[in-house]
1. Which of 47, 101, 68 moves the most in a Gaussian network model of the chain with Cα springs under 10 Å?
2. Sorted from fewest to most neighbouring beta carbons within 10 Å, what does the list 11, 41, 19 look like?
3. Express in whole angstrom the spacing between the alpha-carbon centres of segment 79-130 and segment 1-43.
4. Using semi-axes √(5λ) of the Cα gyration tensor in Å as the read-out, say which of (i) 27, 24, 20; (ii) 24, 18, 13; (iii) 22, 20, 11 was calculated from these coordinates.
5. Before rounding to the nearest 500, sum -39500 (n - 2.57) across all DSSP H runs of length at least 4 in the chain and divide by the residue total; then give [θ] at 222 nm in deg cm²/dmol.
């Protein structure tokens with residue numbers, strides 16, 4: 001059920017740079033918005049927002065980038081993911097938080113203060129390291 005949305009997100013935030021595909025934050029976010037309108041289940045929203053962050057991490061792990069807009073959009077989506085996670089049952093939160101932790105840890109390698117912003121958001125939403 002989530003696969004078409006995930007495919008769209010991945011295509012637009014983690015394009016095939018070898019094939020000269022472009023990035024479109026707006027089109028990736030539209031996939032999440034479309035899901036929200038069509039189905040809107042909280043667990044699905046958590047999955048898609050976390051997946052968006054992971055897709056960005058995948059691109060940044062093999063392709064350096066110096067695009068402030070991309071990083072700002074990633075941090076905003078990271079916050080949306082945290083909002084989605086706190087909206088689901090506590091027993092379902094851990095796996096999503098672990099996935100965001102991996103993104104946050106990688107974020108310290110990207111510059112633009114991304115990792116620090118993610119640290120602040122994790123603390124703000126009550127998921128800071130103890």
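None of the figures in this text is laboratory data; all of them are computed from the coordinates on show. If you're wondering where the values come from, they're calculated on a predicted model, not measured in any experiment. Positions of Cβ are generated from backbone atoms using ideal geometry, with glycine treated the same way; all protein chains shown enter the neighbour counts.
1. Result for the chain, Cα springs under 10 Å: 68 fluctuates most.
2. On the way: 11 17, 41 13, 19 6.
Listing 11, 41, 19 from fewest to most nearby Cβ atoms yields 19, 41, 11.
3. 20
4. Read-out taken from this structure: (iii).
5. Working: 6 runs with 94 residues, N = 130.
Calculated from helices alone, the mean residue ellipticity at 222 nm is -24000 deg cm²/dmol.
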